[in-house]
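To start, the structure under review is shown below, and the notes come after it.
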Amino acid sequence: MANHPGGPTGPAPTTAPPARGSDPRANQAPNPSGKRALVGAATALRGQVSAREDLWIDGQVEGEVQALEHQVTIGPGGRVRAEVKARSVVIEGELHGNVVASQTVTLRTGGRVTGDIRAPRVALEEGCQFQGHVDMDGSQTTAEPATAPPESPVAAESAEPPAAPALVGEGSG
């Protein structure tokens with residue numbers, strides 16, 4: 001006898017919902033075109049990646065990533081060694097390189113960045129790891145990386161931990 005849902009062998013098997021960040025469609029801002037490209041967990045790319053749609057990276061990328069009018073998401077399994085330039089960037093995995101976004105950069109819990117971030121809005125969730133500089137000068141709207149970020153004396157003076165679990169900032173502009 002065939003094993004079918006609800007048949008004599010028992011109820012249909014159930015599946016747990018995917019973990020946060022495991023589905024490229026989850027945790028993203030609405031994409032009007034509905035298009036997105038996926039670099040899967042078993043994929044490794046080297047060179048320049050240029051996307052004209054949202055890009056989700058769960059594999060390995062080395063070089064340069066550009067999606068100037070779209071969102072780049074580095075999923076929990078993503079390992080990126082690249083300069084990333086996009087409208088917005090979400091990091092749940094690991095990034096070694098600079099990030100330039102025209103709107104926002106979000107470093108999620110468990111995400112790790114070693115490099116500089118330049119965007120008018122930056123959000124660092126509790127439990128993320130970040131080593132580098134942040135430039136939130138809203139007057140710079142191009143997607144070119146900063147050549148030499150200025151030293152920030154404010155960071156050394158701030159000895160108290162943040163009151164909220166997440167840090168969100170907005171540059172002037």
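We did not get these values from a lab; they are worked out from the coordinates using the rules stated. Here the structure is a predicted model, which is why all the values come from computation and not from measurement. Here the Cβ positions follow ideal geometry from the backbone for every residue, glycine too, while neighbour counts run over all protein chains shown.
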Provide the gained length on full extension for the span THR109 to ALA41, in nm with one decimal, where the gain is 0.36 nm per separating residue minus the Cα-Cα distance.
-> 22.5 nm
Sorting ASP58, ASP137, ASP116 on the 10 Å Cβ count, fewest up front, what's the list?
-> ASP137, ASP116, ASP58
Going fewest to most other Cβ atoms within 10 Å around each Cβ, ARG121, ARG46 line up as ARG46, ARG121
Residues GLU64, GLU125, GLU83, sorted so that the one with the fewest Cβ neighbours within 10 Å comes first = GLU64, GLU125, GLU83
